[in-house]
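The values are calculated or read from the model by the stated rules, or taken from the named source; none is laboratory data. Everything numeric here is computed off the predicted structure, so don't read it as measured data. All Cβ positions, glycine included, derive from the backbone under ideal geometry; neighbour counts span all protein chains shown. Protein only, heavy atoms only, side chains kept; ligands, DNA and RNA dropped before computing areas. Shrake-Rupley method; radii C 1.70, N 1.55, O 1.52, S 1.80 Å.
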Amino acid sequence: MFRFLVLVGLLSLSSFAQNRYVDSLFQCELSHANLTYATAPALNSPYAGESVTHSENLKMDIYEPMGDTLAYRPLLIVAHGGAFVSGTKENEDMVAFCQLFAKRGYITASIEYRIGMNPASKISAERAVYRAIQDGRAAIRFLK
């Protein structure tokens, strides 16, 4: 019974004070859309092999809290799902996720990464993961 009262008391106190990074304090702004963070070789077709590629610009969207005056804010980098064969930074769930955290004071970056692999090939799957890791690291370098 005592634990329940303490929990209810803490919950009621938190409703009176707004906490940065926990509560939605800001409006969200898409501050940079389709910002190129790297260029890399991408597969023309996942079934054509790993050597048939074209140059692809990797893009990101950056969301920021409007009206936030802090000079330094935490950054979240998010990558869409899709098992390395589909998906985009503009997926509804990615946009909603970025907006949710930007409203709380975070800067969020939704990145594109190179997709494509042959699901029947273990080597192709490993290469797809490796390419996605390279793209994530390129995004970190760009944002630093």
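Structure data summary
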read-out: Region 80-111, residues that are part of a helix (DSSP H, G or I), touching a Phe, Trp or Tyr at 6+ places or on another chain (Cβ under 7 Å) and closer than 22 Å to Asn57 by Cα; value: Cys98
read-out: Among the candidates Val78, Val95, residue that is of a type in the set (Val, Ile, Thr), in contact with a helix residue (DSSP H, G or I) (Cβ under 7 Å, 6 or more places away or on another chain) and either surrounded by 14 or more Cβ atoms within 10 Å (Cβ to Cβ) or at pLDDT 90 or above (or both); value: Val78
read-out: Check on Glu126, assigned to a loop (DSSP other than H, G, I, E, B) and open to solvent by 20 Å² or more (accessible area, probe 1.4 Å); value: no
read-out: Region 129-144: number of residues that are open to solvent by less than 70 Å² (accessible area, probe 1.4 Å), among the aliphatic types (A, V, I, L, M) and farther than 15 Å from Leu76 by Cα; value: 2
read-out: Meets criteria (out of contact with any Asp or Glu (no Cβ under 7 Å at 6 or more places or on another chain) and aliphatic (A, V, I, L, M)) for Ala125; value: yes
read-out: Residue match in region 43-50 (condition: within 19 Å of the chain's Cα centre (by Cα), open to solvent by less than 60 Å² (accessible area, probe 1.4 Å) and modelled with pLDDT of 80 or more); value: no
read-out: Residues within region 101-140 that are free of Cβ contacts under 8 Å to residues at least 24 places away in the same chain and not β-branched (Val, Ile, Thr), tallied; value: 6
read-out: From Ile115, Ile77, residue being of a type outside the set (Phe, Trp, Tyr), in contact with a strand residue (DSSP E or B) (Cβ under 9 Å, 6 or more places away or on another chain) and outside any strand (DSSP E or B); value: Ile115
